[in-house]
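Below: one structure, written as structure tokens.
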Amino acid sequence: NNEKGSKIGDTHMTTAIENYINSSCERNVYDCYTDGSCNNLSPNKEGGAAYLILLNGKEVVRRSKALIHTTNNRAEMLAIISAVKRCPIGADIIVHTDSKYAIFSFGQRKRISDSVKNSDLIHLYRQEAAQKKVTFEWVKGHNDDKYNEIVDSMANGEYNKMKESLKV
């Protein structure tokens with residue numbers, strides 16, 4: 001009897017421990033694909049920013065916005081900030097971007113002075129990411145990554161809209 005009861009107890013305990021471990025491992029992961037575009041040669045510096053968010057592999061949102069008087073780096077950074085802001089507090093976020101500049105700028109932990117290029121966006125990013133776990137994954141642009149291609153197309157579409165709206 002003791003042996004039988006012990007095995008049942010052990011099996012029940014093992015199942016309870018496995019359930020606890022599995023539940024604590026099942027995290028909601030937000031994959032944020034971002035891109036920015038800009039015509040740095042134009043006097044109006046038209047551009048676009050875009051992001052697409054997957055929650056546990058399923059698309060939940062995609063957004064894009066036309067920009068004016070911007071740079072390619074600022075458009076990239078704005079897309080990342082917007083995507084991170086859209087995710088809830090406590091979220092595990094993987095930002096997929098082809099911008100090494102944005103990864104480097106947002107990845108620094110040192111104090112940023114206002115004289116640093118795009119310091120306003122770095123401060124804004126830090127504010128939005130403060131209560132979230134954000135990691136970055138660099139993706140090579142124009143390399144058949146499905147979601148990177150989608151946000152690239154969205155950002156370029158916004159650039160084209162802005163360019164057309166400025167024609168007289």
ask   = Are any residues in the stretch 63-112 surrounded by 15 or more Cβ atoms within 10 Å (Cβ to Cβ), assigned to a strand (DSSP E or B) and not small (G, A, S), and if so, which ones?
value = R63, K65, L67, I93, I94, V95, H96, T97
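Yes or no, residue by residue, for (1) under 18 Å from I53 (Cα atoms); (2) surrounded by 13 or more Cβ atoms within 10 Å (Cβ to Cβ); (3) modelled with pLDDT of 95 or more; (4) within 13 Å of the chain's Cα centre (by Cα):
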position: K132; (1), (2), (3), (4): yes, yes, yes, yes
position: E137; (1), (2), (3), (4): yes, no, yes, yes
position: G141; (1), (2), (3), (4): yes, yes, no, no
position: N148; (1), (2), (3), (4): yes, yes, yes, yes
position: M154; (1), (2), (3), (4): yes, yes, yes, no
position: K167; (1), (2), (3), (4): no, no, no, no
inquiry  = Can you tell me which of (1) touching a strand residue (DSSP E or B) at 6+ places or on another chain (Cβ under 9 Å); (2) closer than 27 Å to G157 by Cα; (3) modelled with pLDDT under 95 is the one R27 doesn't meet?
reply    = (2)
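To keep it simple, each residue is scored yes or no on (1) open to solvent by 90 Å² or more (accessible area, probe 1.4 Å); (2) modelled with pLDDT of 95 or more; (3) more than 30 Å from the chain's Cα centre (by Cα); (4) not aromatic (F, W, Y).
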residue	(1), (2), (3), (4)
G9	no, no, yes, yes
G36	no, yes, no, yes
S42	no, no, no, yes
G48	no, yes, no, yes
Y51	no, yes, no, no
K58	yes, yes, no, yes
task = State whether one or more residues within the stretch 114-128 are more than 15 Å from Y147 (Cα to Cα), open to solvent by 50 Å² or more (accessible area, probe 1.4 Å), of a type in the set (S, T, Y) and at pLDDT below 95.
result = yes
task = Quick one: count up the residues across the stretch 114-165 that are within 18 Å of C87 (Cα to Cα), assigned to a helix (DSSP H, G or I) and basic (K, R).
result = 1
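The values are calculated or read from the model by the stated rules, or taken from the named source; none is laboratory data. Quick caveat, the model's predicted, so the values are computed rather than measured. So basically every Cβ, Gly included, is an ideal-geometry build from the backbone, and we count neighbours across all protein chains shown. Heavy atoms of the whole protein, side chains included, go into the accessibility calculation; ligands, DNA and RNA do not. Shrake-Rupley method; radii C 1.70, N 1.55, O 1.52, S 1.80 Å.
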